[in-house]
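Encoded as structure tokens, the structure appears first; notes follow it.
The values are calculated or read from the model by the stated rules, or taken from the named source; none is laboratory data. Being a predicted model, the structure only gives us computed values, none of them experimental. As a convention, Cβ positions derive from the backbone with ideal geometry for all residues, glycine included, and neighbour counts pool all protein chains shown.
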Amino acid sequence: MIGDFTQAYVIAHEVGHHVQTLLGNSQRVTKMRERAHPLEGNKLSVRLELQADCLAGVWAHKAHRARQILEAGDIEEGLKAAGAIGDDRIQRRTRGQVVPESFTYGSSAQRVQWFRPGLERAHLRLCNAFQGDVG
């Protein structure tokens, strides 16, 4: 799983958090979490992480269109990486059980689900994880 595109995905996800800061999303979520019940706070954290996954996909799409950077297998590698770092997968491996209420990053399926639209269509409006169901 660890390849050059896996590393690029992780960096792009972190850059996505920087974009969230520039857009004011990080600050809004921090304020909402301060007033929220811990379970609601976790859900807000998940939404922030899923939006960063989508933004990572937008970067990959636009970078490939500008510079033809993606090689055969890179998209599958990125989707595998997104799935590998879901809370459910990590909890199952480390705790032996999954506790969805404690998720702060999202499930493997959610992470893939949110990375994909950015990667395939590269529209920021698709990355609004704060409206509706996150999957």
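Some notes on this structure:
Rundown of residues vs (1) crowded, with 18+ Cβ neighbours inside 10 Å; (2) assigned to a helix (DSSP H, G or I); (3) modelled with pLDDT of 95 or more, yes/no style:
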residue: His17; (1), (2), (3): no, yes, yes
residue: Met32; (1), (2), (3): no, yes, yes
residue: Asn42; (1), (2), (3): yes, yes, yes
residue: Cys54; (1), (2), (3): yes, yes, yes
residue: Gly78; (1), (2), (3): yes, yes, no
residue: Ala81; (1), (2), (3): yes, yes, no
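- The range 83-135, subset exposed (fewer than 12 other Cβ atoms within 10 Å of the Cβ) and of a type in the set (S, T, N, Q), residue farthest from His13 (Cα to Cα): Gln97
- Selection count, the range 96-116, where residues are within 16 Å of the chain's Cα centre (by Cα) and not basic (Lys, Arg): 12
- When the test is whether a residue is closer than 20 Å to Gly118 by Cβ and surrounded by 13 or more Cβ atoms within 10 Å (Cβ to Cβ), Asn25 passes it.
- Picking from residues in the range 83-95 that are of a type in the set (Val, Ile, Thr) and assigned to a helix (DSSP H, G or I), the one that is farthest from the chain's Cα centre (by Cα) is Thr94.
- Residue satisfying all of: in the range 61-76; in a helix (DSSP H, G or I) and either touching a Ser or Thr at 6+ places or on another chain (Cβ under 7 Å) or not aliphatic (A, V, I, L, M) (or both); surrounded by the fewest Cβ atoms within 10 Å (Cβ to Cβ) among these: Arg67
- Cβ-Cβ contacts under 8 Å between residues 6 or more apart (or on different chains), taken from a first residue in the range 96-111 that is assigned to a loop (DSSP other than H, G, I, E, B) and modelled with pLDDT of 95 or more to a second residue that is small (Gly, Ala, Ser) and crowded, with 19+ Cβ neighbours inside 10 Å, are listed as Tyr105/Gly86; Gly106/Gly86; Ser107/Gly86.
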